[in-house]
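Take a look at the following structure, please.
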Amino acid sequence: MARDPRYDVLFEPVKIGPVTAKNRFYQVPHCNGGGYRDPSAVAAMRGSKAEGGWGVIFTEQCEMHHSSEITPYIELRLWDDDDIPQLAKMAGRMKEYGGLAGIQLAYSGINGPNLYTKEVPLAPSALPIRTFTNDPVQARAMDKQDIADLRRWFVNAMKRSRTAGFDLVCLYGAHGFGVFQHFLSRATNQRTDEYGGSLENRARFVREVVEEAHNTIGDTMGITLRLSLDEMIGDLGFANSEVRDFVEMHKDLPDLWDLAHGAWEDCSGPSRFKDEAAQQELVAGIKALTSKPVVGVGRFTSPDVMVRQINSGTLDLIGCARPSIADPFLPKKVEEGRIEDIRECIGCNICITGDMTMSISRCTQNPTFMEEWRKGWHPERMQDKGASRNVLVVGAGPAGLEAAHALAKRGYDVALAEAGSEFGGRVALESKLPGLAAWGRVRDYREYQLSQMGNVETYLNSELGAGDVLEFGFEHIAIATGSTWRRDGVARQHVVPMEIDDGMPVYTPDDLMAGNVPSGDVVLFDDDHYYMGGVLAELLVKSGAAVTLVTPCAYVSDWTNNTLEQAAIHKRLVELGVNIQLNRGLKSVAGDHVVADCIYTGRTETLPAASVVLVTCRVPEDGLWRDLETRRPDWADAGIKSVKVIGDAQAPGPIAWATYAGHRYARELDMPDIGDAIPFRREIARLAPD
């Protein structure tokens, strides 16, 4: 198919200093949970974006000196020449299809606790280290020699970057994480010498490093500067007005301005709290202050929105992190006129949890993310099918939809049977909850793709029993029948059913999602700690209930600290009038009240309640699988070679776990049995000489 002419502007080349981007698709730096530990996995992941048509592809933040590192988080490192080979491998993959390879050099300063190197942290001013974990460490204020040393370290890192083959260097001064922002902000720069005070003085260090960059590598590499559009901390911070003053004062300083919102939580807020192009107001008009190109972000998933950013004079390049994860081939699909084939980011931020938990990242929409090298999974191509002909997938939730789609791409004849009246399973229900509409893209993308495939038959309102399955004659059966929420309180606080009076109306998330929403005084007990408790509290309030949320954790929706939305969730619930009870469990449920207990002291408190909502844990709906297992002797006569339970029906987890399970099932069907071998590749550090 031909490209729609209205998108032609997205494929115009853009000059960035001495190099030229082939189009306006700019993958901004983003973390992935791999970093220095999994360099080949990270290189292959970036390589898939190169193949997918991105004009610019950046690394995540790369620690440029050993005196500033952010252990336990796993990013890249460029501490000395020994780090060059793994970065060179990555740069090579990024440039393989004509894109520009960029490296983001970071000196974390007041964000670097140095737990691994044990070096004393250095920062513009002597203040406590600002980290997610509030490490009890303070930074020493840099003296003039320290500042001179830091400039030299940046020059050394830039030279190593050039040796590694990169085309662009990004100097990191955004999200509160980079030393350039620390110098620019009055919140972190309280100096009284020529590097503090006025904006001109606070900008001195930035000017010096960028000027040295031009003198050192500027003839062969583009120099970009990444800044926060607004620190979002009031007058004391580097506010949007000062950002504009800074750009106007230094309009031609870098070769490109890379602009992002506030802290990471502000910049990469989930779709529940941030719409596409959410940073429009902050970035509008800045391009008029400089002759250099400007790139900005905003979870851009729509090519039409991207075009408006360019044609309105707001941006020169479309910066994407999460959308480039959800679909590394987004630019190529736009170029080839296949807009409907784009796997749009849902803004769930599960990708960020890989970095926050120091593990390999996942993506709900793209289960191949970070498995390109580890498992050899390509984001667009499947291997040919094996010897079998057909597969029955039972259940059209996220696991079943992904399994059916991937199996069909391999060439199998697939039947997808769903007991309900619509596709999507839990996604169809959860996407109707407050703020989660974008999550419906998980279903929409796969349902559309299946509708275009001639080797897939889909069946709604088709609840199957073991006898039905045995009669159909399919060779392989995938059971993806999902899970249901428990109503007995079993989860983390209670490992056996809670004491619950039969007179108290008890609801689960399934009840509320089915439209059975209680009113009056409702106690919601959240022992799940992800998004569901907070979302349901919001739903209840909007339905007229007075809500008390009880959780054994010190945070509402504790695990959402990993998705950068916990603070936003707490704020919203407070604004809605929810009575939040932290560090408290439910000891028992009576007919007209609940007994809450302090998790530290055991002291109890009575809370009035007309009904209780239990958000605890889920039970796999694996009855069909169990029934088929009891009839295993009948499989051969029925022509069945395998029966496998996948997704929530195997073990409930986040939606990304379900799509991964469906994809893995499809990839591994008819493949050789690997026995006890590890099912992915890994890299092990070499031993140093004694």
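The values are calculated or read from the model by the stated rules, or taken from the named source; none is laboratory data. Given the structure is predicted, the values throughout are model-derived calculations rather than measurements. Backbone-built Cβ (ideal geometry, glycine too); neighbour counts: all protein chains shown.
Test of understanding: among L582, L586, which residue is within 24 Å of T604 (Cα to Cα) and either of a type in the set (D, E, K, R) or surrounded by 21 or more Cβ atoms within 10 Å (Cβ to Cβ) (or both)?
Checking each option against the conditions leaves just L586.
Taking the stated definitions as given, is G647 over 18 Å from R618 (Cα atoms) and in contact with a Gly (Cβ under 8 Å, 6 or more places away or on another chain)?
No: the conditions fail for G647.
Follow-up question, since we're still on this one. Which pairs have Cβ atoms under 9 Å, sit 6 or more apart or on different chains, and link a residue in segment 326-347 that is in a helix (DSSP H, G or I) to one that is aliphatic (A, V, I, L, M) and surrounded by fewer than 24 Cβ atoms within 10 Å (Cβ to Cβ)?
Close Cβ pairs satisfying both conditions: A326/I342; L330/I342; P331/L10; K333/I339; K333/I342; V334/L10; V334/I342; E335/L10.
Checking the conditions here, which among Y36, Y7 is under 21 Å from the mean Cα position of the chain (by Cα) and either farther than 30 Å from Q138 by Cα or outside any strand (DSSP E or B) (or both)?
Only one candidate passes the filter, namely Y36.
Checking the condition among the small types (G, A, S) and within 15 Å of F177 (Cβ to Cβ), which residue from S48, S40, S68 passes?
None of the other options fit; the residue is S68.
Identify the residue in segment 40-92 that is part of a loop (DSSP other than H, G, I, E, B) and hydroxyl-bearing (S, T, Y) and, among all such residues, is surrounded by the fewest Cβ atoms within 10 Å (Cβ to Cβ).
Residue satisfying both the conditions and the ranking: T71.
Now for a separate question. Is it the case that some residue within segment 303-318 is charged (D, E, K, R), part of a loop (DSSP other than H, G, I, E, B) and in contact with a Pro (Cβ under 6 Å, 6 or more places away or on another chain)?
Within segment 303-318, one or more residues are charged (D, E, K, R), part of a loop (DSSP other than H, G, I, E, B) and in contact with a Pro (Cβ under 6 Å, 6 or more places away or on another chain).
Yes or no: A396 surrounded by fewer than 22 Cβ atoms within 10 Å (Cβ to Cβ), closer than 28 Å to Y530 by Cα and in the same structural domain as A638 (by TED's automatic domain parsing)?
Considered against the rule, which asks whether it is surrounded by fewer than 22 Cβ atoms within 10 Å (Cβ to Cβ), closer than 28 Å to Y530 by Cα and in the same structural domain as A638 (by TED's automatic domain parsing), A396 comes out as no.
Taking the residues in segment 603-655 that are under 30 Å from V556 (Cα atoms) and of a type in the set (G, A, S) as candidates, determine which candidate is surrounded by the most Cβ atoms within 10 Å (Cβ to Cβ).
Within segment 603-655, the match that is surrounded by the most Cβ atoms within 10 Å (Cβ to Cβ) is G647.
Restricting attention to segment 418-437, which residues are of a type in the set (A, V, I, L, M, F, W, C) and surrounded by 17 or more Cβ atoms within 10 Å (Cβ to Cβ)?
Selection gives A419, F423, V427, A428, L429, L433, L436.
When only residues in segment 126-147 that are out of contact with any helix residue (DSSP H, G or I) (no Cβ under 9 Å at 6 or more places or on another chain) and under 18 Å from H66 (Cβ atoms) count, which is surrounded by the most Cβ atoms within 10 Å (Cβ to Cβ)?
The qualifying residue surrounded by the most Cβ atoms within 10 Å (Cβ to Cβ) is D135.
Still on this structure, please answer the following. What are the pairs with Cβ atoms under 6 angstrom where one residue, in segment 126-144, is in the same structural domain as S108 (by TED's automatic domain parsing) and the other, located anywhere, is surrounded by 15 or more Cβ atoms within 10 Å (Cβ to Cβ) and among the charged types (D, E, K, R)? Sequence gap at least six, or different chains.
These pairs meet every condition: I129/D135.
List the helices (runs of 4 or more DSSP H) that sit entirely inside segment 170-251 and contain at least 1 residues that are of a type in the set (G, A, S).
Correct list: 204-217, 240-249.
Among the residues of segment 459-478, write down those that are without any contact (Cβ under 8 Å) to a residue 40 or more places away in the chain and either small (G, A, S) or not assigned by TED's automatic domain parsing to the domain that holds T630 (or both).
If the condition is that a residue be without any contact (Cβ under 8 Å) to a residue 40 or more places away in the chain and either small (G, A, S) or not assigned by TED's automatic domain parsing to the domain that holds T630 (or both), then G467 is the only one that fits.
Checking I103 against (1) part of a helix (DSSP H, G or I); (2) crowded, with 24+ Cβ neighbours inside 10 Å: exactly one of these is not met. Which one?
(1) is the only condition that I103 fails.
Checking the conditions here, which among G465, G473, G482 is in contact with a helix residue (DSSP H, G or I) (Cβ under 8 Å, 6 or more places away or on another chain), surrounded by fewer than 21 Cβ atoms within 10 Å (Cβ to Cβ) and on the phi > 0 side of the Ramachandran plot?
G473
Listed here are the residues, each with its yes/no results for (1) within 22 Å of the chain's Cα centre (by Cα); (2) surrounded by 24 or more Cβ atoms within 10 Å (Cβ to Cβ); (3) more than 19 Å from W439 (Cβ to Cβ); (4) outside the structural domain of R446 (by TED's automatic domain parsing).
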| residue | (1), (2), (3), (4) |
| --- | --- |
| M306 | yes, yes, yes, yes |
| S312 | no, no, yes, yes |
| L315 | no, yes, yes, yes |
| I318 | yes, yes, yes, yes |
| I325 | yes, yes, no, yes |
| E335 | no, no, yes, yes |
| D341 | yes, no, yes, yes |
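Still on this structure, I have one more. Quick one: in segment 119-169, of everything that is of a type in the set (S, T, N, Q) and assigned to a helix (DSSP H, G or I), which residue is farthest from the chain's Cα centre (by Cα)?
Filtering segment 119-169 for residues that are of a type in the set (S, T, N, Q) and assigned to a helix (DSSP H, G or I), the one farthest from the chain's Cα centre (by Cα) comes out as Q145.
Answer with yes or no whether D80 is among the acidic types (D, E) and closer than 21 Å to I217 by Cβ.
So D80 fits the description; yes.
Got at least one residue in segment 407-415 being closer than 18 Å to W657 by Cα, among the hydrophobic types (A, V, I, L, M, F, W, C) and not assigned by TED's automatic domain parsing to the domain that holds A43?
Looking for residues that are closer than 18 Å to W657 by Cα, among the hydrophobic types (A, V, I, L, M, F, W, C) and not assigned by TED's automatic domain parsing to the domain that holds A43, one finds at least one in segment 407-415, hence yes.
One residue is enough: does segment 287-295 have a residue meeting the conditions surrounded by 22 or more Cβ atoms within 10 Å (Cβ to Cβ), closer than 30 Å to Q566 by Cα and in contact (Cβ under 8 Å) with a residue 60 or more places away in the chain?
yes
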